[in-house]
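Written below as structure tokens is the structure these notes are about.
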Amino acid sequence: QVQFVESGGGLVQPGGSLRLSCAASGIIFSGLTMAWYRQAPGKQRELVATISSSRITMYADSVKGRFTISRDNAETTVYLQMNSLKPEDTAVYYCNRGGLPFRSWGQGTQVTVSS
């Protein structure tokens, strides 16, 4: 079945960096657009970044220039490099298919940006 396992979150000071990883299984990974989403407390889940099968990337305006999405098809893993982190980036981060997410979501990884 479809499964996503996110990791790499943690507590970081403003201006710091983190690299998130998401291992996917049960899908034809190389042919799919993959995405990172995030959900802050009391807010709806939002799209952060996508990467197509041909590695075309797209970013939400709020993270453009600070975050970089990448993928390793051999490892069926998608990454999110997050630099210059801000307190407003605090959220649980999830990966899934871009455009039309699968019903199955991972547990997410908590990112907390605080001094």
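The values are calculated or read from the model by the stated rules, or taken from the named source; none is laboratory data. Bear in mind the structure is a predicted one, so any value in this text is a computation, not a measurement. Don't worry about glycine lacking a Cβ; one is built from the backbone with ideal geometry, like all the others, and counts go over all protein chains shown. Keep in mind that these areas ignore ligands, DNA and RNA; they rest on the heavy atoms of the full protein, side chains included. Shrake-Rupley method; radii C 1.70, N 1.55, O 1.52, S 1.80 Å.
Per residue, the accessible area of the stretch 33-103 comes to 52 Å² when a 1.4 Å probe rolls over the protein heavy atoms. To put it simply, the accessible area of the chain at a 1.4 Å probe is 49 percent carbon and sulfur.
Taking amide hydrogens as placed 1.01 Å from N in the peptide plane, the amide H of ARG71 sits under 5 Å from those of TYR79, each at least 5 positions away in sequence or on another chain. Computing FRET efficiency as 1/(1 + (r/R0)^6) for GLN107 and THR33, where r is the C-beta to C-beta distance and R0 is 30 Å, gives about 0.85. Packing around the peptides 32-38, 68-74, taken as the average count of other Cβ atoms within 10 Å per residue, puts them in this order, highest first: 32-38, 68-74. From the square roots a ≥ b ≥ c of the eigenvalues of the alpha-carbon gyration tensor of the chain, which class results: rounded (a/c under 1.5), prolate (a/b over b/c), or oblate? Note, shape of the chain comes out prolate.
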